[in-house]
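S.K.: I have a structure I would like to understand better, so I am pasting it below and will then ask my questions one at a time.
The values are calculated or read from the model by the stated rules, or taken from the named source; none is laboratory data. Quick caveat, the model's predicted, so the values are computed rather than measured. Note that we place each Cβ from the backbone using ideal geometry, even for glycine, and neighbour counts take in every protein chain shown. Note: accessible area is taken over every heavy atom of the protein model, side chains too, but ligands, DNA and RNA are not part of it. Shrake-Rupley method; radii C 1.70, N 1.55, O 1.52, S 1.80 Å.
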Amino acid sequence: MKQTLGILLLILASSCLPDLKQDVKISDYYYILKQESPNGKYKIYNYCRSGMMAFSSDICGTQIQKKESEFKERAGIELNGKISKWIGKDTLEIYRFKSNADLERPKDTLSTITYEKAYDLTLKVINYDRITGGFLNEYYFNEINIDSKKVKLNGLKRKLDPIIGVPIELELGNIEIESKNDTISKIVFNEVKTSMNGQYRNPDGSVTENLPQIMTKSTYFYPTKKLLTSDFQNKVGVYYDIKTTGNSVYN
């Protein structure tokens, strides 16, 4: 009886798993970002969709595919990490982190570097212990210029601060242009910051200080005037949300 019940539960559970042979619609993703590699040969997709069951994990990833292919999960090479930056037309730097289950706290802020191949791209992999947290900075800007190497933002200021004289230059790779009705609503830039400023509250109430800290830093840049997404949409090395820009998974 127990064996029969176990088989029935296994069949039921299997029927609830996503069928990898079936196409997942673009509308099933709550975000799907796309960028073109600087050498013009590949598309990189950063995507996320909800799991099939209420208690299942979300299905997310970053995947490289050949330029001419349509996006489909497992149709390309999974990075198993997040883009850091392009350091050449054929070389991409990415971050990887240990899972939270692998260790309680990072032992140090040091990283190890390994190299892999994805098609004919070289991946420089920066391997860290797990993330300990994150923080957000926000700015406003009035001009943006994207060339083959960098994104340059001018007229920067915080909400109540005067304009910052020096423009910010961001390297291509981990930059996203968010849009609404062909208008840029926000530029998002993500990076990793390390320090020895971590704190841990012990069970006895005491605090241990000067611990390794590995943080994700997100910076949001909001335009102060109307900027059309279509004026920047053919730039390489920058993510666009294909669900809000009208871009497609074909080109």
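S.K.: When the range 10-35 is examined, which residues are found to be modelled with pLDDT of 85 or more and among the acidic types (Asp, Glu)?
M.R.: The one that is modelled with pLDDT of 85 or more and among the acidic types (Asp, Glu): Asp28.
S.K.: Tell me whether the range 36-53 contains one or more residues that are open to solvent by 60 Å² or more (accessible area, probe 1.4 Å) and modelled with pLDDT under 90. Reasoning before the result, please.
M.R.: First pass over the range 36-53, keeping only residues open to solvent by 60 Å² or more (accessible area, probe 1.4 Å): 41, 50, 52.
The next check asks that each one be modelled with pLDDT under 90; those that pass are 50, 52.
Yes - at least one qualifying residue is present in the range 36-53.
S.K.: Please specify each residue of the range 197-245 satisfying the condition of being in contact (Cβ under 8 Å) with a residue 60 or more places away in the chain and among the polar types (S, T, N, Q). Even if it seems obvious, please write down each step before you answer.
M.R.: First, pick out the residues of the range 197-245 that are in contact (Cβ under 8 Å) with a residue 60 or more places away in the chain: 198, 200, 211-225, 227, 232, 235-245.
Listed by number, the residues that qualify are Gln213, Thr216, Ser218, Thr219, Thr224, Thr244, Thr245.
S.K.: Restricting attention to the range 195-211, does a residue exist that is surrounded by fewer than 18 Cβ atoms within 10 Å (Cβ to Cβ) and either in a helix (DSSP H, G or I) or at positive phi (or both)?
M.R.: Checked the range 195-211: at least one residue is surrounded by fewer than 18 Cβ atoms within 10 Å (Cβ to Cβ) and either in a helix (DSSP H, G or I) or at positive phi (or both).
S.K.: Quick one: would you say Lys217 is surrounded by fewer than 16 Cβ atoms within 10 Å (Cβ to Cβ), within 23 Å of Pro106 (Cβ to Cβ) and either of a type outside the set (A, V, I, L, M, F, W, C) or out of contact with any helix residue (DSSP H, G or I) (no Cβ under 9 Å at 6 or more places or on another chain) (or both)? I'd like the intermediate steps shown before the answer.
M.R.: Working: surrounded by fewer than 16 Cβ atoms within 10 Å (Cβ to Cβ): yes; within 23 Å of Pro106 (Cβ to Cβ): yes; either of a type outside the set (A, V, I, L, M, F, W, C) or out of contact with any helix residue (DSSP H, G or I) (no Cβ under 9 Å at 6 or more places or on another chain) (or both): yes.
Yes, satisfied.
S.K.: Another one. Going through the range 132-145 one residue at a time, which ones are surrounded by fewer than 17 Cβ atoms within 10 Å (Cβ to Cβ) and either in contact (Cβ under 8 Å) with a residue 60 or more places away in the chain or among the polar types (S, T, N, Q) (or both)?
M.R.: Just the residues of the range 132-145 that are surrounded by fewer than 17 Cβ atoms within 10 Å (Cβ to Cβ), to begin with: 133-138, 142-143, 145.
Gly133, Gly134, Phe135, Leu136, Asn137, Glu138, Asn142, Asn145 - these are the residues of the range 132-145 that are surrounded by fewer than 17 Cβ atoms within 10 Å (Cβ to Cβ) and either in contact (Cβ under 8 Å) with a residue 60 or more places away in the chain or among the polar types (S, T, N, Q) (or both).
S.K.: Can you pull out the residues in the range 97-121 that are surrounded by 16 or more Cβ atoms within 10 Å (Cβ to Cβ) and either part of a strand (DSSP E or B) or at pLDDT 95 or above (or both)?
M.R.: Phe97, Ala118, Leu121
S.K.: State whether the residues of the range 165-187 include one that is of a type in the set (A, V, I, L, M) and under 30 Å from Thr208 (Cα atoms). First the steps, then the outcome.
M.R.: Going residue by residue through the range 165-187, those that are of a type in the set (A, V, I, L, M) are 166, 168, 170, 172, 175, 177, 184, 187.
Subset that is under 30 Å from Thr208 (Cα atoms): none.
No; the residues of the range 165-187 include none that is of a type in the set (A, V, I, L, M) and under 30 Å from Thr208 (Cα atoms).
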